[in-house]
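What follows is calculated from the coordinates using simple rules that are stated; it is not laboratory data. Quick caveat, the model's predicted, so the values are computed rather than measured. Here the Cβ positions follow ideal geometry from the backbone for every residue, glycine too, while neighbour counts run over all protein chains shown.
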Amino acid sequence: MSSGGPERPQLVAHVQQALSYTLFDCKWVPRSARLLCLGSAARGTGLIQLYELRGGRLALLREIEKAKPIKCGTFGATSLQQRYLATGDFGGNLNIWNLEAPEIPVYSVKGHKEIINSIDGVGGLGIGEGAPEIVTGSRDGTVKVWDPRQKDTPVANMEPVEGESKRDCWTVAFGNAYNQEERVVCAGYDNGDIKLFDLKTMSLRWETNIKNGVCSVEFDRKDVNMNKLVATSLEGKFHVFDMRTQHPTKGFASVTEKAQKSTIWQVRHLPQNRDIFMTSGGAGSLHLWKYEYPAQRSKKDSEGAEMGVAGSVSLLQNVTLSTQPISSLDWSPDKKGLCVCGAFDQTVRVLIVTKLNKV
Amino acid sequence: MPVWLREYSWRQTASAVYLSLPLRGVRVTPANIFCTDQYLKVSIPPFLFEAILYAPIDDTNSTAKIGNGIIFFTLYKKEVAMWDSLTLANANKENLQYLRENAVLKAHEKAKEETEAKKVTKQEHKKYALEATMKLEEAERKRIEDLKERERQRVTKELELWKKQQKDAEKQKRVQKEVELHQEVEQLKEKKKEKMNKTRIPNEGTSKTRLKPTKGCHGSYSMFSENLKEEQLPAPRSAATIKINFTSRVFPTALRESRIAEEEEWLCKQAEARRTVSADLSELEDLKEEEKNPDWLKDKGNKMFATGNYLAAVNAYNLAVRLNNKLPLLYLNRAACHLKLRNLHKAIEDSSKALELLTPPVPDNENARVKAYVRRGTAFCQLELYTEGLQDYEAALKIDPKNKTIEKDAEKIRHLIQGTTQDS
């Protein structure tokens, strides 16, 4: 059900496909009308399915089965010609696959002791500068950054101090990759911690706690100077941090929105407009938001230190597609408004968001 | 006795009868007039007018006009004929009675039929209204569906167009690559021709690769491009580790795991325990200041336990308990002493008291609880009450599953139990 006046963007369900396995992640293949579905079959093996959008339906092109269920995948660190898929699976293995020859992975490492919950890549697809790198966050509490050219050892490892009880890392994201040296990784944990690691200085740049477990973090653009970070959490809340100004004690300014009664599983920014993002919820709903910048993005506090000013968020549209949580969401980088979402009711849906030009 | 009204006048035409009935001094309402197809009655107590009509009339269409002191009836005849008189002449009492009752019955039936007819028409009206609304809603829904469908088709067309563009672009690229590759191969060929002793095979080999427009080419071409690119990419980062701490768990905890209520309770209890001093001042007057402090006594007791002087330790703990009987650690340590002294029952008592004081179970008092369970378990086993002992060991294991000694001891006890059951 889409509501609202004639000028508001509408979320139209374009194609729906029922699957016979649990779907954990879905991704568009860059520069094509194809999408990948990653998940776990009933017998405990991993599945990668490649679909193509043809007319009004999805045609299955390829199905690849792997030993362990696959939790997440990304194209972020490959070149446009190669389009290798990096996946993290339930056994803690990071693999990079060439989808034309998927029997043997191009790169493989048992990176973590437990399931890799989240993966992100940067430096590929012609976006951003610097070495292509992949970051994985796992239930064993560590966040590791990998370079596909270096075997077996990560190039950065963010792990708990000895003796500290570990918290699951639920989500990771790259950002600030605007030149060859700069890069940050943001990680969200299940106890509400958000930590920002600077890879250039190999240090912890900022941390905060938002009380509820962090389900998803994303920068609005990976390849520019850090602008905004959205972190979504349990109990229907999400926070938008303004990352341009860091105050020495207060950190980054943020605005909080309580949108849905259930967990917000994912947030994804529109690749063509970084102020529009979509959140997917545990009640099977999708919300489309727009961020408005404040009149002045930074101001001086009483001691004269710069602190950021957060703007405001407004809801553009929402739609309920399913009764089960929508756990994965991806915008097509090539066609504005085309997105795919996968839900726990074993369906993958392709949606079209209209009128984004007028927003 | 009703007063009969006999003054009336009437005239008739072929199809109608006009009757005027004067009524002076009474108010007439339509309820007082009763008319069926052959009987007419006007009853306004105490006045009564009654007429058994000569021939049947059409009572639905007939009218009665109530005017000032007079009722004017217009009765339409069912059959067009002239009546000899208004009423039937020879009507005896029984006939009259029968006719009256008949009339009433007929009137009732008529009323019933009318209500039924009304109901039916009402139903039909309702149905009609419902259908009309449904049609309207359908139309609205269809309109929205059409809009969506149009939107979808438009986007599909755009997508197909874009896909075609992609394919064309790819083809172009491929053709270009082939041309370039061809040129490269040509160059290679020339180079090879320059070398004297080359057979045909390499040429064929190269030409084969040129003809097959597959990823073989792709691979080699992209290898070239990769090599170039690699020179531009920075080297992999030098490996480093960042150590992190998580927000500590006392407060704030992750809300979904919050044991705030219990932890608050535990802290309150601890605070209270520190404050209570159940002192019996008379006996303790001769003690030194420091000996009145339960903590100091506890430390003394610990030291004596460490040196092996268990009786002295027990004394110290006893005194401390007399001063403050709410500190669980005192009972815990005294239990250890009793174990060493083989006062097993006392050890069990003290461990139980310690466990009582160690509620609610929070991570803060985990260690203490594990110790209490283990000590009580040991005491039970030494009394040969193996099942109770095993229960306590398993409770300890539940709190601290990683402790190997507890595991081993639990195993031993299990074996013992199984051994004894087999024997008996």
Built amide H within the under 5 Å cut-off of A:Val155, gap 5+: A:Val145, A:Trp146, A:Asp147
In whole Hz, the Karplus estimates of ³J(HN,Hα) for region A:124-135 (6.51, -1.76, 1.60; θ = phi - 60°; x where Gly or Pro) are x, 6, x, 9, x, 10, x, 5, x, 9, 10, 10
CD proxy at 222 nm, helix term only [per DSSP H run n ≥ 4: -39500 (n - 2.57); per residue of the protein assembly as shown; nearest 500]: -11500 deg cm²/dmol
What does the C-alpha gyration tensor say about the overall shape of the protein assembly as shown? Classify as rounded when a/c is under 1.5, otherwise prolate if a/b is larger than b/c, or oblate. oblate
Most mobile listed residue (A:Ala131, A:Ala231, A:Ala77) in chain A, GNM with C-alpha springs under 10 Å: A:Ala131
What does the net charge come to around B:Ala379 if you take all other residues with beta carbon closer than 14 Å to its beta carbon, with K and R at +1 and D and E at -1? +2
Given Cα pairs under 8 Å that are at least 6 residues apart, what percent is the relative contact order of region B:1-154? 21
A correct fewest-to-most ranking of B:Ile33, B:Ile144 by other Cβ atoms within 10 Å would be B:Ile144, B:Ile33
Looking at this model, which pairs from A:Lys144/B:Lys163; B:Lys164/B:Lys189; A:Lys228/A:Lys261 are more than 26 angstrom apart at the alpha-carbon? A:Lys144/B:Lys163; B:Lys164/B:Lys189
Average beta-carbon neighbours from other chains, 10 Å sphere, peptide A:329-338: 2
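Give me the dipole magnitude in Debye, nearest 20, for region B:22-102 about the Cα centre, with unit charges on the beta carbon: positive for Lys and Arg, negative for Asp and Glu.
On the way: 8 positive and 8 negative charges, 79 e Å.
That gives region B:22-102 a dipole magnitude of about 380 debye.
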Phi angles of region B:382-387, converted by Karplus (6.51 cos²θ - 1.76 cosθ + 1.60, θ = phi - 60°) into ³J(HN,Hα) in whole Hz with x for Gly and Pro, give 5, 7, 6, 8, 5, 5
Nearest 20 debye, what's the magnitude of the dipole of region A:61-121 about its Cα centre given +1 on Lys and Arg Cβ and -1 on Asp and Glu Cβ? 120
Length gained when the stretch B:Ile66-B:Glu137 is fully extended (0.36 nm per residue, less Cα-Cα span): 20.5 nm
What is the spin-label model distance, in nm, from B:Asp146 to A:Val359 if the labels are put 7 Å beyond Cα along the C-beta direction? 2.9
Using each residue's phi in region B:391-399, evaluate 6.51 cos²θ - 1.76 cosθ + 1.60 at θ = phi - 60° and report the 3J(HN,Hα) Karplus result to the nearest Hz, with x for Gly and Pro. 4, 5, 5, 5, 4, 5, 5, 4, 6
Comparing A:Leu234, A:Leu329, A:Leu80 in a Gaussian network model of chain A (Cα, 10 Å), the one with the largest mean-square fluctuation is A:Leu80
Would you work out the charge dipole size for the protein assembly as shown about its Cα centre, treating the Cβ of every Lys and Arg as +1 and the Cβ of every Asp and Glu as -1, and quote it to the nearest 20 debye? 2520
From the cross-link list A:Lys166/A:Lys237; B:Lys65/B:Lys110; B:Lys112/B:Lys135; A:Lys355/B:Lys177, the entries with a Cα-Cα span beyond 27 Å are B:Lys112/B:Lys135; A:Lys355/B:Lys177
Taking the alpha-carbon distance from B:Lys126 and a cut-off under 19 Å, which aspartates and glutamates remain once sequence neighbours fewer than 8 residues away in the same chain are dropped? B:Glu114, B:Glu116, B:Glu137, B:Glu138
Ordered by fewest other Cβ atoms within 10 Å, a rough proxy for footprinting exposure, A:Cys26, B:Cys268, A:Cys72 read B:Cys268, A:Cys72, A:Cys26
Give the peptides A:245-257, B:93-105 in descending order of average Cβ contacts within 10 Å, highest first. A:245-257, B:93-105
Per residue of A:186-199, how many C-beta atoms from partner chains lie within 10 Å of its own C-beta, taken as a mean? 3
Under 22 Å from the Cα of B:Lys303, which lysines turn up, not counting those fewer than eight places away in the same chain? B:Lys288, B:Lys292, B:Lys326, B:Lys340, B:Lys346, B:Lys371
Got the relative contact order for region A:106-254 handy, in percent, Cα pairs under 8 Å and 6 or more residues apart? 16
Any idea which of B:Ala235, A:Leu80, B:Leu357 is furthest toward the positive side of the dipole for the protein assembly as shown, if Lys and Arg beta-carbons carry +1 and Asp and Glu beta-carbons -1? A:Leu80
How do B:Val175, A:Val309, B:Val321 line up, fewest other C-beta atoms within 10 Å first? B:Val175, A:Val309, B:Val321
List the residues of region B:31-48 whose backbone N lies under 16 Å from a point placed 7 Å from the Cα of B:Lys110 along the Cα-to-Cβ direction. B:31-43
Leading residue at positive end of dipole, region B:291-418 (Cβ point charges), from B:Gly377, B:Phe305, B:Ile417: B:Phe305
Sorted by chain and number, the residues with a modelled amide H under 5 Å from that of A:Gly141, at a separation of 5 or more or across chains, are A:Cys169
Cα gyration tensor shape for region B:3-90, rounded if a/c is under 1.5, else prolate or oblate: prolate
Taking H as built 1.01 Å from N, whose amide H comes closer than 5 Å to the amide H of B:Ala64, not counting residues under 5 places away? B:Thr74
Any idea what Rg and Dmax come out to for region A:247-355 if you just take the C-alpha atoms, in Å? 16.7, 54
With the charge dipole of region B:3-90 built from beta-carbon charges (+1 for Lys and Arg, -1 for Asp and Glu) about the Cα centre, the Cα from B:Gln12, B:Ile70, B:Phe49 projecting farthest to the positive end belongs to B:Ile70
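Hey, what did chain A get for relative contact order, percent, Cα under 8 Å, at least 6 apart?
Working: 1086 pairs, mean separation 53.5, N = 359.
Across chain A, relative contact order equals 15 percent.
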Region B:113-191: C-alpha gyration tensor shape, a/c 1.5 cut-off, then a/b vs b/c: prolate
Extending each Cα 7 Å along its Cβ direction at B:Tyr76 and B:Ala129, get the distance between those two points in nm, one decimal. 3.1
